[in-house]
Structure formats: structure tokens, C-alpha cells
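Below is one structure, written out as C-alpha cells, with a few remarks after it.
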There are 2 protein chains.
Amino acid sequence: MSAYEAAPAAGSTAAVPTHWYNIAADFPEPIPPHLHPGTKEPVTVEDLCGLFPRALAEQELSTERYIQIPREVRSVYGIWRGTPLIRASRLERALGTASQIFLKYEGVSPVGSHKPNSAVAQAYYNREEAITKLTTETGAGQWGSSLAFAGSLFGIDVEVWQVRASYESKPYRRYLMELYGGTVHSSPSELTEAGRAILESDSETTGSLGMAVSEAVEVALKDPAARYALGSVLNHVALHQTVIGQETIAQLARLGIGHADVVFGCAGGGSNLAGLSFPFLREVLMNKAKTRVIAAEPAACPSLTQGEYRYDFGDFSGMTPLLKMYTLGKDFVPDPIHAGGLRYHGMAPALSHAVHLGLVDAVAIEQTTAFHAGILLARTEGIVPAPESTHALAAAFQYLAHSDRAETIVIGVSGHGQLDLPSYQGFLESYQPPVG
Amino acid sequence: MSAYEAAPAAGSTAAVPTHWYNIAADFPEPIPPHLHPGTKEPVTVEDLCGLFPRALAEQELSTERYIQIPREVRSVYGIWRGTPLIRASRLERALGTASQIFLKYEGVSPVGSHKPNSAVAQAYYNREEAITKLTTETGAGQWGSSLAFAGSLFGIDVEVWQVRASYESKPYRRYLMELYGGTVHSSPSELTEAGRAILESDSETTGSLGMAVSEAVEVALKDPAARYALGSVLNHVALHQTVIGQETIAQLARLGIGHADVVFGCAGGGSNLAGLSFPFLREVLMNKAKTRVIAAEPAACPSLTQGEYRYDFGDFSGMTPLLKMYTLGKDFVPDPIHAGGLRYHGMAPALSHAVHLGLVDAVAIEQTTAFHAGILLARTEGIVPAPESTHALAAAFQYLAHSDRAETIVIGVSGHGQLDLPSYQGFLESYQPPVG
């Protein structure tokens with residue numbers, strides 16, 4: 001009666017990739033360097049070491065193709081990885097598509113999203129360099145709770161500036177950060193010069209990721225035992241997330257599928273889509289596959305579809321290095337949409353570079369369209385996707401509605417939306433199921 | 001760079017057991033029969049058919065050892081099963097134990113608990129018999145949301161009576177039920193005779209699972225196209241949950257571990273612990289293993305440790321068959337503890353029988369102790385367990401604190417507690433980490 005293939009026991013790391021994949025090794029032209037905000041020269045590892053531990057500063061500038069995942073990080077990944085790749089056959093029937101849809105589902109992690117893939121790595125490298133405190137920003141709270149979780153495992157205090165719009169509308173994620181032992185402030189706060197300056201000019205601001213970054217960076221720079229941790233945008237964050245795409249390729253191969261035709265992911269800062277798509281793009285760059293990659297961004301914060309590709313700061317107050325990226329401008333404050341994790345003015349330089357080279361296309365999705373896609377997924381496959389992830393679903397559904405091909409589609413579902421259920425409530429009344 | 005063993009793609013059913021295990025085939029003496037509430041004679045399949053579809057009525061009384069899981073049910077299980085078996089090495093270090101701790105984690109299901117294992121099966125069999133509506137009760141909302149999820153996949157309307165204490169304190173689970181298309185009422189309600197009678201005698205009652213069962217049963221019995229679905233207690237529910245224990249045994253075997261010394265699970269109605277432990281008990285009954293099974297129940301609702309083993313009704317108003325079980329009496333209303341899923345006056349007859357035969361021991365856990373166990377798990381392995389599941393953790397931690405043996409311990413973590421984060425808040429201030 002055991003005539004089935006038991007899943008590998010998690011914690012055994014058998015289902016966890018051994019290396020991260022660094023796309024910087026394979027781009028036909030290099031990613032434009034980050035520039036020092038003072039000198040405007042390319043930043044060095046030394047420049048970055050005040051903000052990050054050396055190992056992460058080195059990863060940020062590395063062009064090594066594969067970087068080994070430390071044993072201890074891999075062991076923590078084993079708590080929830082490999083994550084499921086789900087053939088969504090009920091969703092296919094509801095959409096009336098001839099394509100095969102696979103969902104790569106990161107919502108099974110302890111905090112419910114892909115964010116711990118980098119948080120655990122960052123906490124590890126900081127602990128190795130005797131850092132005892134990490135500061136960070138968070139939008140919806142996914143990144144903040146991931147870093148608080150990782151900090152609790154590696155004995156590091158975590159202090160989080162949460163964008164006010166999310167701090168006020170999503171109290172559960174704050175409780176989660178506090179459960180992991182983290183400290184949470186609403187941003188902008190009175191605790192930093194950056195925060196006080198912003199509040200002075202607009203005390204009613206809903207906040208933004210850019211503002212919260214400024215506050216967290218300011219505090220880290222003033223404390224020699226502290227460093228800053230960023231949950232997206234930078235190369236080393238995208239690097240850590242590549243476990244997602246590597247697993248997906250291996251899982252498809254186990255099913256005898258050697259190729260994905262189109263890969264969809266939501267893109268705010270870019271770490272989720274980078275992590276899912278870069279291992280696929282390696283096959284494209286090696287001329288082994290013709291996979292299309294589509295970035296789904298919110299219409300309320302359309303950096304890829306409406307922004308400029310130029311150097312800009314990663315934060316509101318101009319404390320970070322200058323990054324070459326698609327940007328709406330560092331002082332752009334998006335509407336307080338429910339997908340708080342997508343409210344970022346710029347886009348990861350590595351992903352921006354891939355877009356610039358024509359390796360990745362982008363579409364902007366309206367919030368209502370996104371939520372309706374999420375409701376359809378819930379009612380066909382049971383999974384309640386995070387508001388961020390619903391953008392990828394909606395982009396895929398739009399694509400499939402205009403295609404009669406039978407393709408292999410991969411959709412990154414970056415997290416679950418169980419803490420976002422109040423956000424779904426307002427969209428339920430207007431929902432109409434598709435005519436299949 | 002693919003030198004790792006990719007997890008089986010979910011949706012492929014490769015990691016899902018092919019059969020449910022029915023412990024009724026292996027008990028040395030039969031489970032005492034359910035009795036008809038009118039005649040006090042053992043119930044027949046026909047008796048049960050007004051309440052349940054025939055296939056489930058047959059399963060309720062079956063003594064067949066293995067019952068094949070229908071292809072369609074197995075396909076839905078494949079969305080999230082096999083669930084992880086996690087070696088909790090960080091938790092072991094925090095506890096300072098020489099034992100190996102494995103967590104069987106059901107929180108990765110779409111609704112976040114083990115409950116869909118039976119909800120999906122029940123919705124399937126009802127759909128097969130052309131039933132278009134299911135009524136049910138729910139405590140914390142785990143079962144109600146599971147049935148709403150299953151109903152949405154099988155085209156069945158689901159109407160849920162949620163215990164008032166949970167309805168008021170856990171709005172997110174109601175939103176979840178509604179997102180799946182379910183209808184939710186606070187119980188006791190004005191919609192049923194049972195509810196009106198209860199409200200008349202105590203309009204301030206916090207409600208109980210027993211009361212909510214009465215309301216749901218009453219509505220199902222009045223509508224020929226409707227049936228009732230129960231999320232625990234009955235034999236067929238325990239049967240469906242045995243995928244949990246079967247997977248655990250196979251996952252341990254993959255790690256070269258042929259035997260678990262002690263298995264812990266929380267027990268409210270009993271379906272979670274039955275599902276985890278019955279496949280282990282089969283090995284005990286075959287004299288192949290000496291596994292101890294420990295039921296962890298809340299001190300506020302101690303049916304196994306303080307109740308009587310006798311015939312009692314499953315509901316408050318006396319509409320269900322009489323069940324031989326450990327019970328606190330059908331009119332027992334437990335305090336509104338956070339673990340709403342454990343607030344049931346009785347205990348599954350099959351599990352009660354196992355306790356009566358000495359195959360399962362029971363301990364009662366105070367709520368504060370349980371939450372502190374949950375906080376420790378969150379801070380060591382990242383997983384935030386459901387308040388129900390924290391009882392199993394606390395029971396295991398107590399056991400390990402008084403044992404210097406090096407054993408293999410399995411703890412069932414029946415669900416995640418992300419929708420219960422406000423409940424954790426009050427216990428955080430008094431939490432002290434163990435001295436490891």
C-alpha cells in the first residue's frame with residue numbers, strides 16, 4: 001500500500017539546489033555598474049562594505065556563474081524547499097486554454113512568500129561577519145517578516161521600517177515580525193533624519209519603499225555592528241532567488257518537459273521574477289531554448305512600461321548607490337494599492353538590463369484585473385495568491401485569451417494571500433467567472 | 001548544476017498515497033457501533049443516507065482495510081501533497097534533546113491545515129451522487145474554509161455555521177470561506193430551530209461546535225438536494241486523513257528510519273491525530289513496531305483526560321447518531337480559547353476506542369504552555385503553527401524535558417497560524433526562551 005513515490009523529507013536538503021545561478025556571467029554585455037553616489041565612479045566591494053557584509057558585497061559585483069549555497073543556508077531552505085510546481089489543470093479548463101499551465105508556488109515558505117530565499121542567505125553572511133543587527137524596509141511585510149524569521153534563526157536583531165500604508169492596513173504582518181522577535185516602525189518615522197524631513201514636508205504621506213529604504217540605510221550606517229539588508233533590486237538578492245527557477249526547470253524535466261514557452265512573474269523590485277526567470281534565460285542565452293519571459297507590473301507603478309532606463313537612486317533620499325534601471329524617479333509615490341510589495345519606483349538593474357536587451361517583456365496590470373485573476377485561481381486550484389502574485393496570473397490569463405497555441409506556461413506565484421484576505425473582500429462582489 | 005534531487009512536481013500525484021487506511025480492519029475488538037438516536041439500534045448505511053451520500057455512509061461502517069482514493073480526489077490532493085516532513089534540528093538544539101524531532105506539516109495546503117484531506121473527498125462523493133449543497137459547522141474556520149474550497153472545485157454550494165466566538169475573533173477565515181464562494185453564518189443563528197432555541201435560553205453564548213453541528217444538520221435534513229458534512233469525529237473523516245500518517249511512514253523510510261518511538265498530535269474531534277497515528281498503530285497492531293501515540297488536548301476541553309467513555313450525541317441538540325466516545329457531555333461549552341478547532345465536547349469514536357484499548361495516551365495542555373511552544377517553533381524553524389497544533393508541540397516538549405533517551409519523535413503540525421497572529425500577540429510578552 002506504499003505504491004507511491006513519497007516526497008523527499010524536507011530538512012534533508014535533497015530537493016534544494018546546491019548553487020545559486022549568477023546571470024552576470026552570461027549576459028552578452030555586462031550589467032551597467034552601480035555608481036558611487038558621491039564620486040559617480042563604479043562602486044567597489046570596499047564601497048559597499050559599510051552597508052553590507054563583505055561576502056554580499058562581493059556577490060553584488062561577482063561575475064562567477066555559480067556560487068555555492070552554504071551548507072547552513074541550504075539546511076534552512078530545506079524547511080520548505082523544493083517548493084511545489086503545480087500543474088493547474090482545473091484552471092486550464094476554466095480558461096478554456098489548450099496550453100499547459102504550471103504554477104511555481106513559493107507560498108509554502110514559513111512566512112508565505114519567496115522572500116526568505118534571500119533573507120536566510122543575508123542573515124547567514126551577516127552572522128558570519130559578526131554583525132548583530134540588521135535594518136530593513138518592508139512594503140506589504142513579506143520581506144520584513146522574512147528577515148525577522150531569518151534573524152531569529154541566526155541570532156541577529158532585526159529592525160524594520162514598514163511603509164505606512166501597509167503598516168496601517170496589514171497589522172497581521174507586523175504581528176508576524178514581532179512573533180519572530182523583530183522590531184517594527186511605521187515609515188516615515190520620527191526616528192531618522194530622513195523620516196523627519198519627509199514628515200515635515202508631508203505629514204499625511206502614505207509612505208513608500210523608497211522612503212523606508214532611506215530610514216533603514218541611515219540607521220545602519222550610524223551603527224558599526226549593524227548592516228542594512230535589502231529584499232529586492234540588488235544583484236545579490238536576485239542571485240539568491242535563483243533557486244526558484246532552477247527547481248522549476250528540474251521539476252519540468254522530471255515530467256519530461258524540456259522547455260517552457262512563456263514564463264510569467266510579477267515584478268516590483270524584481271527579485272521574484274529574476275529568481276524565476278534567470279535560470280530560464282541562461283538556456284535562452286546558450287541558444288538552448290526560446291523561452292519568453294513576461295514581467296507583470298501594477299498599472300499604478302509601471303516602472304518597466306512607463307519608466308525611463310537611466311541611473312537613479314534606490315531610495316527616496318539619495319543615500320544608496322546610483323543604479324542603472326527602469327525608474328519612475330526616486331520621488332515617485334505610487335497609490336496605496338493592495339500589492340504593497342510592488343510599490344517601488346525602480347526595478348532590479350539585472351532585470352532592467354534583461355528588459356533592455358529584449359530578453360524580457362513587460363505588461364502593466366490594473367488592480368481589479370489582478371484580483372479577479374486571484375479569485376479565479378482560488379476557486380479552481382484553492383490557492384489564494386498574494387496580491388503581488390495576482391499580477392502574474394492576470395498577465396498570463398490575458399496572454400492565453402489571445403492565443404490558441406498549446407504551449408507550456410509557467411506562472412510564478414510568489415506568495416499566498418491569506419494575510420491579504422480583507423483586500424480580496426472588496427473585489428468579490430464584482431467578480432464574474434469566465435465562460436469556459 | 002542540477003546535482004540535486006528535484007521534488008516531484010505537485011499535481012502529478014506521484015507523492016500522494018493510492019489508498020486510505022481503515023483501522024477498523026485491524027482493531028482486536030470492533031469499534032462500538034454508532035446507535036440510531038430513536039431506536040438505539042446500531043445505525044445502518046440506510047440510516048446514514050439522509051445525512052450523507054451513500055459512499056460516505058458505507059465508508060463510515062466499512063471494515064475494509066484499504067479503500068482506493070478516487071483518481072479525481074488524488075489529483076486535487078496533488079496540489080499540495082505530499083506535505084513536508086521536516087527534521088527540526090534547530091528546535092532540537094533549542095530544547096537540548098538527544099532525540100530526533102520530525103514535524104509532519106499540513107500547513108502547506110491551500111487553506112493552511114489538514115482539513116482539506118477530508119473536505120475534498122466529501123465534496124467528491126457528494127458531487128458523484130448529484131448533491132448540490134453541503135452544510136457544515138466550523139470552529140476556528142479551518143474546516144469551513146476547507147469545505148468551501150472543496151465545494152468550489154466540485155461545483156457544490158457550501159453553507160457554514162461558524163461558532164460565534166471564532167466568527168467574531170477570526171474574520172479572516174470568514175473572508176476565506178467567502179472568497180471560495182461559501183456562505184457563512186454566526187452560530188447559534190436565528191436561521192434554525194436549534195439556533196433559536198439556544199439563543200432563547202442564552203443570548204450571550206459564545207457558541208460551540210456542538211451547537212453549530214445541530215444547526216447545519218437541521219438545514220441539511222430539510223433539503224433533499226443537500227447533505228451535511230462533518231470535519232472530524234466520524235470514521236470516514238479519520239479514514240480520509242490517513243494520507244498524513246502513510247506519507248510520514250514512507251518519508252521516514254526514505255531517510256532510513258523504520259520506526260518512530262513517539263507520535264504526538266493535537267486532538268479536538270480527533271481527525272488530525274487519527275490521520276497521523278492510525279497508520280503507525282497498524283504497525284503496532286501487527287507487532288511490527290512499538291510506537292507510542294500521545295493525544296494533546298486543551299486543558300479547557302479535556303474530553304480524553306477528564307471525560308467519560310460512554311454513548312453521547314455528537315451535537316448539542318441530539319440530532320446525530322449516538323457515538324461511543326470520551327465525552328464531557330453534549331451540553332459542555334468550553335471557554336473560548338484561541339484553539340477553536342479543539343473546542344469539542346467529544347472525541348472520534350475510533351480514536352476513543354484506541355485510547356480505551358491502551359494504544360493511545362492523552363495529556364491536557366494549558367493554553368499559555370501551548371502558545372509558548374508555538375513561539376519557540378516560530379523562532380527556531382520559522383513555522384508559525386496553528387493554536388491547535390501548538391498543543392502537540394507542547395506535549396512533545398514536556399515529554400522531551402523528562403527524557404534523556406535518543407528517540408525518533410514525530411509531531412503533527414496540523415496547520416499554520418498566520419490567521420491566528422492576533423492570538424499570539426498576548427502571549428509574546430511573557431515568553432521566555434528555553435535555556436538550551
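The values are calculated or read from the model by the stated rules, or taken from the named source; none is laboratory data. The structure presented is a predicted model; accordingly, all values stated were derived computationally and were not measured. Counting neighbours? That spans all protein chains shown, and the Cβs are built from the backbone with ideal geometry, glycine included. Calculation scope for accessible area: heavy atoms of the full protein, side chains included, ligands and nucleic acids excluded. Shrake-Rupley method; radii C 1.70, N 1.55, O 1.52, S 1.80 Å.
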Name the one entry in B:166, B:208 that is within 19 Å of residue B:270 (Cα to Cα), modelled with pLDDT under 95 and more than 13 Å from chain A (Cβ to nearest Cβ).
B:208
Take the conditions under 23 Å from the mean Cα position of the chain (by Cα), under 28 Å from residue A:384 (Cα atoms) and either modelled with pLDDT of 95 or more or not charged (D, E, K, R) (or both) and apply them to residue B:13. Does it pass?
yes
Residue, surrounded by the most Cβ atoms within 10 Å (Cβ to Cβ), within the range A:88-125, restricted to residues that are of a type in the set (D, E, K, R) and touching a residue at least 40 places away in the same chain (Cβ under 8 Å):
A:115
Filter the range A:396-419 down to the residues that are within 14 Å of chain B (Cβ to nearest Cβ) and in contact with an Asp or Glu (Cβ under 9 Å, 6 or more places away or on another chain), then identify the one that is nearest to residue B:110 (Cα to Cα).
A:416
Odd one out for residue B:6 among (1) in a loop (DSSP other than H, G, I, E, B); (2) modelled with pLDDT of 95 or more; (3) open to solvent by less than 20 Å² (accessible area, probe 1.4 Å)
(2)
Take the range A:9-21 and flag every residue that is open to solvent by 20 Å² or more (accessible area, probe 1.4 Å) and either charged (D, E, K, R) or assigned to a loop (DSSP other than H, G, I, E, B) (or both).
A:11, A:12, A:13, A:14, A:18
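In the list B:425, B:432, which residue meets the criterion of being modelled with pLDDT under 95, within 10 Å of chain A (Cβ to nearest Cβ) and open to solvent by 40 Å² or more (accessible area, probe 1.4 Å)?
From the options B:425, B:432, the qualifying one is B:425.
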Wholly enclosed helices (runs of 4 or more DSSP H) of the range B:239-310 bearing at least 3 residues aromatic (Phe, Trp, Tyr):
none
Got a number for residues in the range B:155-197 being of a type outside the set (Ser, Thr, Tyr), more than 15 Å from residue B:135 (Cβ to Cβ) and touching a Lys or Arg at 6+ places or on another chain (Cβ under 7 Å)?
2
What do you reckon, is residue B:136 open to solvent by 20 Å² or more (accessible area, probe 1.4 Å) and outside any helix (DSSP H, G or I)?
no
Pairs, please: C-beta under 9 Å, at least 6 apart or cross-chain, first residue among the small types (Gly, Ala, Ser) and in the range A:60-71, second assigned to a helix (DSSP H, G or I) and open to solvent by 20 Å² or more (accessible area, probe 1.4 Å)?
A:62/A:24; A:62/A:25; A:62/A:235
Quick test of your reading of the structure: residue A:195 fulfils all but one of (1) at the interface with another protein chain (Cβ under 10 Å from one of its Cβ atoms); (2) modelled with pLDDT of 95 or more. Name the failing condition by number.
(1)
Look at residue A:282 and say whether it is open to solvent by 10 Å² or more (accessible area, probe 1.4 Å), under 21 Å from residue A:66 (Cβ atoms) and in contact with a strand residue (DSSP E or B) (Cβ under 8 Å, 6 or more places away or on another chain).
yes
Can you name the residue in the range A:37-86 that is exposed (fewer than 15 other Cβ atoms within 10 Å of the Cβ) and among the small types (Gly, Ala, Ser) and, of all such residues, is farthest from the other protein chains (Cβ to nearest Cβ)?
A:38
Taking residue B:317 and the conditions (1) out of contact with any Pro (no Cβ under 9 Å at 6 or more places or on another chain); (2) surrounded by 24 or more Cβ atoms within 10 Å (Cβ to Cβ); (3) hydroxyl-bearing (Ser, Thr, Tyr), which numbered condition does it fall short on, given that it satisfies the others?
(2)
So residue B:230 fits all but one of (1) open to solvent by 10 Å² or more (accessible area, probe 1.4 Å); (2) assigned to a loop (DSSP other than H, G, I, E, B); (3) without any contact (Cβ under 8 Å) to a residue 60 or more places away in the chain; what number is the exception?
(3)
If I filter the range A:328-337 for residues that are over 21 Å from residue A:62 (Cα atoms), at pLDDT 95 or above, more than 16 Å from the chain's Cα centre (by Cα) and open to solvent by 10 Å² or more (accessible area, probe 1.4 Å), do I get at least one hit?
yes
Would you tally the residues in the range B:108-164 being among the aromatic types (Phe, Trp, Tyr) and farther than 17 Å from residue B:227 by Cβ?
1
Please verify whether residue A:297 is of a type in the set (Asp, Glu) and open to solvent by less than 10 Å² (accessible area, probe 1.4 Å), treating the condition exactly as stated.
yes
Matching residues in the range B:360-382 - criterion: being open to solvent by 30 Å² or more (accessible area, probe 1.4 Å) and touching a helix residue (DSSP H, G or I) at 6+ places or on another chain (Cβ under 7 Å):
B:362, B:363, B:364, B:368, B:369, B:372, B:379
Could you tell me whether the range B:386-395 includes any residue that is more than 13 Å from chain A (Cβ to nearest Cβ) and β-branched (Val, Ile, Thr)?
no
